[in-house]
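The structure appears below as structure tokens.
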Amino acid sequence: MSEKKPQRRSWGDRFSVLDRRVERWVLLTFYALIITTVSVEVLRRFLLDYSSVWGEELSRYAFIYLAWIAAAAAVRDRAHIRIDVLVNLGGPRVRRLAWWLSDIATLVLAIWALWLSLSPVMTSLQFGSVTPGLRVSQAIFLVAIPLGFLVVAGRVVQSMVMDIQRMRRGQPPFDGNKLFD
């Protein structure tokens, strides 16, 4: 009997696994931070009749980061909200064209929004604005928006590269992971 040697993963596969794991852990960390902070603040407010200034602010900014990272994950998995009844009536070519148009439109929007969202960050850095509760630079939290659009743009490019690879192998386009059936 000959034993099969385990297949070695390519650098692209290793990066993809690492990419997903890091993304999941970051999402979990922000989610746990929100749950913990809100729970502590509720207990403090109703049991001790005292609440902190920074609790609401920390959970709000953690939620903003969580939302942008989750948006990028949804773009990667093509699990964002969409209506694809007409696209599914067509064959693989129609679906591929629809995904390409969607990806191009998303990429243009992400780059445009990235450009627009840099101005508030630069203004905050220029004038040294701080948050009222945490007393840290507001730029740390404002950078969530351009960072989110940058990651979304990167995910769209990853999606487009994956579509090209699938097309070269003669496979139909990736229709995404469905949240509901």
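Laboratory data are not the source of any read-out in this text; all were calculated from the coordinates shown. None of the values given here were measured: they were computed from a predicted structure. Note that each Cβ is placed from the backbone with ideal geometry, even for glycine, and that neighbours are counted across all protein chains shown.
Brief remarks follow.
- For V130, the residues 5 or more places off, or on other chains, whose built amide H falls under 5 Å of its own are Q138.
- Helical runs assigned H by DSSP (4 residues or longer) give the chain a calculated mean residue ellipticity at 222 nm of -25000 deg cm²/dmol, each run adding -39500 (n - 2.57) before division by the residue total.
- A simple charge model with +1 on the Cβ of Lys and Arg, -1 on the Cβ of Asp and Glu and nothing else charged puts the dipole of the chain at about 900 debye relative to its Cα centre.
- Binning the alpha carbon pair distances of the chain at 5 angstrom intervals from zero yields the distribution 1, 7, 11, 14, 15, 14, 11, 9, 7, 5, 3, 1, 1, 0, 0, expressed in whole percent.
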